[in-house]
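Contents: one structure, followed by commentary.
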Amino acid sequence: MLNNWVWRTLLPGIGKPYINLGKNRLFPEWVRWSELKWHMDDEDRTVEATHETDWMLQLENKLPVSLDKPIFIEKHQWHRLIKGKGHLTVKIIKHGKENQPQNRN
């Protein structure tokens, strides 16, 4: 785990409120709620917390839901994280074109 000095001194320039750790993303406990913006992605994905947490995920026109089980997010669906206590590590499984079955005629 990176220490506070690294997070606060070296990482603000990356422009994201998280660090990519392979297929996981780590959101530090001191990330500001204002940095967790509504956004959409260019592929379907499944998101799940790798540990017990009170952070939540909110999809467009839906109430926030717990990250205690995998959540499927469709391509171009607006969504955001809602900050809880402590840090959050999520596993992200992208379902891009290369992962979907091909139609054969």
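The 3J(HN,Hα) values that the Karplus relation (6.51, -1.76, 1.60; θ = phi - 60°) gives for the range 40-53 are, in residue order, 9, 10, 8, 8, 4, 7, 10, 10, 8, 5, 8, 7, 5, 7 Hz. Gly and Pro appear as x.
Nothing charged except the Cβ atoms of Lys and Arg (+1) and of Asp and Glu (-1): what's the magnitude of the dipole of the range 17-96 about its Cα centre? Round to the nearest 20 debye.
Values: 13 positive and 12 negative charges, 26 e Å.
Result for the range 17-96 is approximately 120 debye, rounded to the nearest 20.
Between the amide H of residue 87 and those of 29, distances stay under 5 Å, these residues lying 5 or more places away or on another chain, with hydrogens modeled in the peptide plane.
Would you mind classifying the range 17-96 by shape? Square roots of the alpha carbon gyration tensor eigenvalues, ordered a ≥ b ≥ c; an a/c under 1.5 is rounded, otherwise it is prolate if a/b is larger than b/c and oblate if not. Before the final figure, lay out the partial values.
Values: a/c = 1.43, a/b = 1.22, b/c = 1.17.
Because its axes are fairly even, with a/c under 1.5, the range 17-96 counts as rounded.
Put simply, the amide H of residue 78, placed in the peptide plane, has neighbours under 5 Å in 60, leaving out anything fewer than 5 places away on its chain.
For residue 85, neighbours were defined as the other residues whose beta-carbon sits under 9 Å from its Cβ, and their charges (Lys and Arg +1, Asp and Glu -1) total -1.
Couplings for the range 73-82, taken from phi via the Karplus curve 6.51 cos²θ - 1.76 cosθ + 1.60 with θ = phi - 60°, read 10, 6, 3, 6, 8, 5, 7, 7, 8, 10 Hz in order; Gly and Pro are left as x.
Every number in this text was worked out from the coordinates using simple rules, so none of it is lab data. Everything numeric here is computed off the predicted structure, so don't read it as measured data. Heads up, the Cβs are rebuilt from the backbone with ideal geometry, glycines too, and the neighbour counts pull from every protein chain shown.
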